[in-house]
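Participant: Here it is, the structure, as structure tokens.
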Amino acid sequence: MRHQRTVRKLGRTAAHRRALLGNMATSLFRAHALVTTASKARVLRSVAERLITLGKRGDLHARRMAARRVKDETVLKKLFDEIAPQFATRPGGYTRIVKIGTRRGDGASLAKLELLIPMAVVQTDEKGKKQAARKDKEVSAPEVAKKEKKKAAAKG
């Protein structure tokens, strides 16, 4: 029985599991979303949220601790300079897991792990003047990218 055993081993040795989660976290921060099995997504969520919390701290020690997991320097810089500041006022819950079905080959349950990007919602009154922005709405990063592409296509 696994009473009070918290580590999910994912059928791998400790070194293989550490490398797998580091690579997956790097991919998540690079693309803002990742499709993987549901069990790996649940394990990766805690790793990614700890890394974002380190990014929010922003000091040298936090950067070195994050560099132990995220090996790519450009992704590490992106984590500390772009991703973490977006979550500065949020106390946690930086990711979302959405179940997307089963994999055709082996029947494994798949899930999409995505970063939640806080987005200011600007309301306008009847005269078209902007009112105070609300930050209570969240949009996933891929949705933001789609909206930006649509705006760019409409302009150009």
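Participant: Residue by residue through the range 2-7, what is 3J(HN,Hα) from phi via Karplus (6.51 cos²θ - 1.76 cosθ + 1.60, θ = phi - 60°)? Round to whole Hz and write x for glycine and proline.
Facilitator: Once θ is set to phi - 60°, the couplings for the range 2-7 become 10, 4, 6, 9, 9, 7 Hz.
Participant: Say the dipole of the range 1-95 comes from +1 at the beta carbon of Lys and Arg and -1 at that of Asp and Glu; which of Leu34, His16, Gly55 then lies farthest toward its positive end?
Facilitator: His16
Participant: Give me a comma-separated list of calculated 3J(HN,Hα) values for the range 84-101, in order, Karplus coefficients 6.51, -1.76, 1.60 applied at θ = phi - 60°, integers in Hz, x for any Gly or Pro.
Facilitator: 4, x, 5, 9, 4, 9, 8, x, x, x, 8, 10, 9, 10, 10, 6, 10, x
Participant: Would you mind computing Rg(Cα) / (2.2 N^0.38 Å) for the range 2-58, counting N as its residues? Present the calculation step by step, with values, prior to reporting the outcome.
Facilitator: Working: Rg = 12.2 Å, N = 57, 2.2 N^0.38 = 10.2 Å.
Dividing the Cα Rg of the range 2-58 by 2.2 N^0.38 Å gives 1.19.
Participant: Right, here's the next one. For Ala88 and Arg104 in the same chain, what is the full-extension length gain: residue separation times 0.36 nm, less their Cα-Cα distance, in nm? Spell out each step's value before the answer.
Facilitator: On the way: separation 16, 0.36 × 16 = 5.76 nm, distance 3.95 nm.
Between Ala88 and Arg104, full extension yields an extra 1.8 nm.
Participant: What per residue convex hull volume, in Å³, do the alpha-carbon atoms of the range 14-116 yield? Present the calculation step by step, with values, prior to reporting the outcome.
Facilitator: Working: hull volume 10.0 nm³, N = 103.
Roughly 97 Å³ of hull volume per residue.
Values quoted throughout were computed directly from the atomic coordinates according to the rules given, and no laboratory measurement underlies them. Note that the structure is predicted; figures quoted are calculated from it, not measured. Neighbour counts run over all protein chains shown; Cβ positions are idealised from the backbone, glycine included.
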